[in-house]
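The values are calculated or read from the model by the stated rules, or taken from the named source; none is laboratory data. Keep in mind that this is a model prediction, so the values were computed, not measured. Cβ placement follows ideal geometry from the backbone for every residue including glycine, while neighbour counts extend to all protein chains displayed. Note: accessible area is taken over every heavy atom of the protein model, side chains too, but ligands, DNA and RNA are not part of it. Shrake-Rupley method; radii C 1.70, N 1.55, O 1.52, S 1.80 Å.
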Amino acid sequence: MKILILQDRAAGTRRAAEMICDSVMRRPDGVLGLATGGTMEPLYAELVSRHREGRLSFARAKSFNLDEYVGLAPSHPQSYHSYMDQHLFGHVDFAPGATALPDGSAPDPHAEADAYEARIVAAGGIDLQLLGIGRNGHIGFNEPTSSLCSRTRVKTLTESTRAANARFFGPGEEPPTYAITMGLASILDAREVLLLAFGKEKAPAVRAAIEGPVSAFTPASVLQMHRHATLILDQAAASDLELREYYFTVHPDGAPAVV
Ligand code: GLP
């Protein structure tokens, strides 16, 4: 794993945007794996501004999102479909039909999950998968005890995840109980993965993911098994890492290793 510790959230976001731009420039017709959550909002804003400046085009790219709530139609304001339209798709130049999320309103969510996994495979797999991390170490909606071999499927959300995501819902609205999410093995199939974690509240999950054992109890720890995983952290998210000075020496301010 490449562990890049940046000064703050803004610097980490810029570094991640650079990596995404490089990937899209190297392979303009590549397949991106996209994520949602508060962490991604400034990143998507940065990608939108690079697109507006004419420095980034998604015209030939495809994308697959990690997950979607079961029971929310794509048009629901809190669906991840709406999130993606609001923060990215509505402002950049993906071709019609080039972006995909699981359909949380499908009559059979289990069949939808299987079909979604098959669509990713048919597209040739994901070149670069973007990830956030939940406070309990989840990636996508792979909650603790998710099988390390899991594929896209329906998962029950933990109360702590529902509570953390309640801020995106209006008063009196409850976050759904189930989601369709890519599995841990689906994520590991991506040719490159990029996880972003910012803020003190992510520090314990980051520590467990990087320095703990590979364990279904900390789903993000499965990234230890990936050959091309980069984790971009700010100082606060890195603050519990035992070897943080070593990581910083190898990649000062997130710079590439010198050797
Ligand atoms: C949700 C998403 C995850 C995301 C996590 C953290 O549960 N399914 O993909 O990583 O939230 O979100 P935030 O960036 O808001 O902390």
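Considering only V70, V121, V48, the mean-square fluctuation computed in a Gaussian network model of the chain, springs between alpha carbons under 10 angstrom, is largest for V121. Per atom type, the stretch 2-254 shows carbon and sulfur on 54% of its accessible surface, probed at 1.4 Å. Think of a 1.4 Å ball rolled over the protein heavy atoms: the chain then has 44 Å² of accessible area per residue. Have a look at the DSSP beta bridges in the stretch 2-254 and tell me what percent are antiparallel, nearest 5. Among the beta bridges of the stretch 2-254, antiparallel pairing accounts for roughly 30 percent.
Hydrodynamic analysis of the chain uses the Kirkwood radius over alpha carbon pairs. Inserted into Stokes-Einstein at 10 °C and 1.306 mPa s, it gives a translational diffusion coefficient of 87 µm²/s. The modelled label-to-label distance for the pair F217/E173, using points 7 Å beyond Cα in the direction of Cβ, is 3.6 nm. Suppose each label sits 7 Å from its Cα in the direction of the beta carbon; what would the Q224-D108 distance come out to in nanometres? So the two model labels end up 3.9 nm from each other. Packing, as the average of other Cβ atoms within 10 Å across residues, places the peptides 127-137, 247-257 in the order 127-137, 247-257, highest first.
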